[in-house]
Amino acid sequence: MIAWLGTGLLGGNFVQKLLERGEIVHVWNRSPEKARALEAHGAKAFDSAIDAVRGASQIHVTLSDDASVDSVLEPLADVILPTAIVFDHTTTAPTPTGERIARWKQRGRTFVHAPVFMGPAAARSASGFLLLSGDPALRERVKPILAPMTGKILELGDDPTRAASFKLCGNMMLLVIGGGLADVFAFGRSVGIDPKDVYGLFTEFNPGMAVQGRAKAVADGVYDKPSFELTMARKDLRLMVEEAARHGTKLDVLPSVGALQDRYITAGFGADDSSVIASGKA
């Protein structure tokens, strides 16, 4: 029997896929109605997390952060079977994740942090990416359990905190893209471009294709063969900010990028590729 704690959009779709595979699933959620809604699909809902996990061989967790994971799991320490595996799919910070894994190990329990790059639709269709790190023997033990839940398992090394670190790296890029889009659409509106037309540009021009190339330059530490010189990138940024200001629009993200670029130009990196600002050299 599988217990699932946290049945919001992500957890609820994972549960539906498990039920579709014929698994017996007990569910719990802070908002009971979200757990009870899964009874229509064959799950058994509980008002208490303790009751939900009794006798479970697997316990999966999809909550909001470190504090919520601890607040839900700590009261269950004496109820969770010694033979059970706790899988935490929550996005959490590396340091408290490592402390949590060590704490549960001291209790004689197996705790695996396995965050995902998967939205609700991917959870429902078992596609997307699941991140896994930690003891190699444990990884081999749990991969057959996790594989049906995801399109691909990304193994990230023996340090059990690396999955948490990589999840934050990935989400950080998504947040940076979101911030960049805020400025892009603000600039477009300031010069009279309809948001639908701005979107139309990105159906043809995909700047995301540059991420791998620029990230490789940072990984390799090669900046002296510029495809977009830092001083020219800074010039373009100045044009963007100045033009938006002419129309009474203040951009929120680009000025911070400009300040970073200025720091590197002052340090003598102006002729290098613009990706040098990610090098940590200045």
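For this structure, a couple of remarks:
- Test: residue in segment 121-134 that is closer than 27 Å to Val253 by Cβ, surrounded by 20 or more Cβ atoms within 10 Å (Cβ to Cβ) and either of a type in the set (Gly, Ala, Ser) or in contact with a His (Cβ under 7 Å, 6 or more places away or on another chain) (or both): no
- If the condition is being under 18 Å from Ala102 (Cα atoms), part of a helix (DSSP H, G or I) and under 21 Å from the mean Cα position of the chain (by Cα), then segment 120-141 contributes only Arg139.
- Hits in segment 26-36 (condition: open to solvent by 10 Å² or more (accessible area, probe 1.4 Å) and outside any helix (DSSP H, G or I)): His26, Trp28, Asn29, Arg30, Ser31
- The residues of segment 55-85 that are part of a loop (DSSP other than H, G, I, E, B), hydrophobic (A, V, I, L, M, F, W, C) and open to solvent by 30 Å² or more (accessible area, probe 1.4 Å), listed by number, are Leu63, Val79, Leu81.
- Residue list for segment 86-110, filter: open to solvent by less than 10 Å² (accessible area, probe 1.4 Å) and not acidic (Asp, Glu): Val86, Phe87, His89, Thr90, Thr92, Thr97, Arg100, Trp104
- Selection of first residues in segment 167-188 that are modelled with pLDDT of 95 or more and of second residues that are of a type in the set (Ser, Thr, Tyr), restricted to Cβ pairs under 8 Å at least 6 apart or on distinct chains, gives the following pairs, ordered by first then second residue: Lys167/Thr91; Leu168/Thr91; Asn171/Thr91; Ala186/Thr249; Phe187/Thr249.
- Conditions (1) assigned to a helix (DSSP H, G or I); (2) within 21 Å of Gly213 (Cα to Cα); (3) open to solvent by 40 Å² or more (accessible area, probe 1.4 Å); (4) small (Gly, Ala, Ser); number of the one not met by Ala271: (1)
- Annotation: of all residues in segment 196-217 being open to solvent by less than 60 Å² (accessible area, probe 1.4 Å) and more than 24 Å from the chain's Cα centre (by Cα), the one that is farthest from Ser274 (Cα to Cα) is Gly200.
- Checking each residue in segment 1-25 for being more than 18 Å from Phe117 (Cα to Cα), open to solvent by 10 Å² or more (accessible area, probe 1.4 Å) and not in a helix (DSSP H, G or I) picks out Met1, Arg21, Gly22, Glu23, Ile24.
- The residue of segment 218-251 that is most open to solvent (accessible area, probe 1.4 Å), among those that are over 20 Å from Phe269 (Cα atoms) and part of a loop (DSSP other than H, G, I, E, B), is Lys250.
- Residues of segment 165-195 classified as open to solvent by 50 Å² or more (accessible area, probe 1.4 Å) and more than 19 Å from His247 (Cβ to Cβ), total: 9
The values are calculated or read from the model by the stated rules, or taken from the named source; none is laboratory data. Given the structure is predicted, the values throughout are model-derived calculations rather than measurements. Virtual Cβ from ideal backbone geometry, glycine too; neighbours counted across all protein chains shown. Areas reflect the complete protein model, heavy atoms only, side chains present, ligands, DNA and RNA absent. Shrake-Rupley method; radii C 1.70, N 1.55, O 1.52, S 1.80 Å.
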